[in-house]
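Notes for the one structure printed next.
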Amino acid sequence: MSFFRWVKNLFKPSFSGPQYLIEFRFHGYAKKYLKKQIWDVGKKFKVEGVTRKQVVPHISLVGPFKTRSQKDTVSMFLNVCRKYDFLRFKLSGFDRFDNRVIYINVNPSSKLTQFRKELFNALEPMIRTVDTDYLEPFAFHSTVAFKDIEKKFNKIWKYMSAKKTKPINQTLIRVTLLKEKERKILYEYDFMQKKLLNRKQALNKKGLKKTLQILTSKKSQEI
């Protein structure tokens with residue numbers, strides 16, 4: 001943490017209560033592909049930390065963080081999200097953070113980079129978050145293996161880096177705000193339907209089907 005940020009945090013009010021996280025959750029082919037990579041590492045190298053909890057392939061955008069006001073956080077989250085629609089990115093190959101994490105590369109479009117930066121800057125005054133949120137450029141990624149892999153890291157990395165992968169084009173259709181400890185969805189913003197969804201609406205399969213239909217229609221109009 002920089003000295004400037006350390007001083008700035010001194011003047012923030014104390015933070016207590018739950019942690020939150022803002023992320024994009026994969027769907028469709030990309031979701032199946034990432035799950036396959038995660039379970040492949042777990043099974044082949046017998047690392048429980050990879051698959052101990054329910055696997056939810058995702059890209060973290062802000063957090064984990066604590067906030068002085070859940071209500072204000074949700075309001076700011078909505079205000080920023082409603083300014084955007086088509087946010088694209090591409091998955092391409094594997095990379096690593098030291099000997100701690102193996103992930104699939106996320107190459108964001110300029111609009112996605114702009115969205116993430118605006119969202120973070122809007123929230124930053126009211127939250128206390130992790131140092132990685134302040135990185136420039138922000139390290140967009142989707143984790144494949146982490147936690148108890150240190151002793152087997154070199155073997156796992158050699159195996160993963162040798163894999164031949166094809167780029168996967170993706171569109172950010174929803175962004176999820178959740179309580180990090182329970183990984184419980186609090187709200188999702190749907191960029192296709194242009195509205196904020198509560199937990200029940202976010203988990204509704206018919207609602208997701210409608211979102212994907214709108215995405216397909218918009219893509220066909222671009223051709």
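Taking a straight Cα-Cα cut-off under 22 Å and skipping sequence neighbours fewer than 8 places away in the same chain, the lysines within cross-link reach of LYS71 are LYS12, LYS83, LYS117, LYS179, LYS181, LYS184, LYS194, LYS195, LYS200.
Taking Cβ atoms as reference points and 11 Å as the exclusive limit, the residues near LEU119 contribute a net charge of 0, counting Lys and Arg as +1 and Asp and Glu as -1.
Under a 5 Å amide H cut-off, with hydrogens placed 1.01 Å from N, ASN105 pairs with SER92, GLY93, PHE94, ASP95 among residues at least 5 apart or on other chains.
For the stretch 209-223 versus the stretch 69-130, the spacing of their alpha-carbon centroids is 23 Å.
Among GLU136, GLU188, GLU180, sorting on how many other beta-carbon atoms sit within 10 Å of each Cβ, with the fewest leading, yields GLU136, GLU180, GLU188.
Each value in this text was obtained by applying a stated rule to the coordinates, not by laboratory testing. For clarity, every value in this text was computed on a predicted model and none was experimentally measured. Ideal geometry is used to build each Cβ from the backbone, glycine not excepted, and the neighbour counts take in all protein chains shown.
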